[in-house]
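K.L.:
This is the structure I have questions about; it appears just below.
Every number in this text was worked out from the coordinates using simple rules, so none of it is lab data. This one's a predicted model, so the numbers in the text were calculated from it and none came from an experiment. Cβ sites come from the backbone with ideal geometry, for glycine too, and all protein chains shown count toward neighbours.
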């Protein structure tokens, strides 16, 4: 079960589920929220999820499929959510930039995301 306890996110490896978070400020049609999990040791992103807004939302949901986390090494990471206006994409439709209008935790230390190993039935 994926859990968000205050700012601490716990994800059993390979689990499916979601969490909902309130929008900070105002979002417009076409704005994009990017949820990212980073490895603080390597400074690399291990997972990104995007949500595109239609405008006026008060909350948004980050959803996880089995494939999103099944191959991530169990350990502690950090996470953040950034909101972009006028997102720019490359030829493969991957987000490569835009006008960042909000970072949820930029003014604070990034919150912890724990990827937990799960017992396998044999």
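K.L.:
Once the piece of chain linking residue 54 and residue 85 is laid out straight, how much longer is it, given 0.36 nm per residue of separation minus the C-alpha distance between them? Before the final figure, lay out the partial values.
P.N.:
Numbers: separation 31, 0.36 × 31 = 11.16 nm, distance 1.21 nm.
Between residue 54 and residue 85, full extension yields 10.0 nm more.
K.L.:
Listed highest first by mean packing, meaning other Cβ atoms within 10 Å per residue, what order do 58-64, 109-115 come in?
P.N.:
Numbers: 58-64: 13.9, 109-115: 16.9.
For the peptides 58-64, 109-115, the packing ranking is 109-115, 58-64.
K.L.:
Another question, if that's okay. Once you have the Cα-Cα distance between residue 93 and residue 66, take 0.36 nm times their residue separation minus that, and quote the gain in nm to one decimal. Present the calculation step by step, with values, prior to reporting the outcome.
P.N.:
Values: separation 27, 0.36 × 27 = 9.72 nm, distance 2.24 nm.
My answer for the length gained is 7.5 nm.
K.L.:
If you take the beta carbon distance between residue 73 and residue 6 as r and set R0 to 41 Å, what does 1/(1 + (r/R0)^6) give as a FRET efficiency, to the nearest 0.05? Write out the running numbers ahead of the final one.
P.N.:
Details: r = 24 Å, r/R0 = 0.59.
FRET efficiency, residue 73 to residue 6: 0.95.
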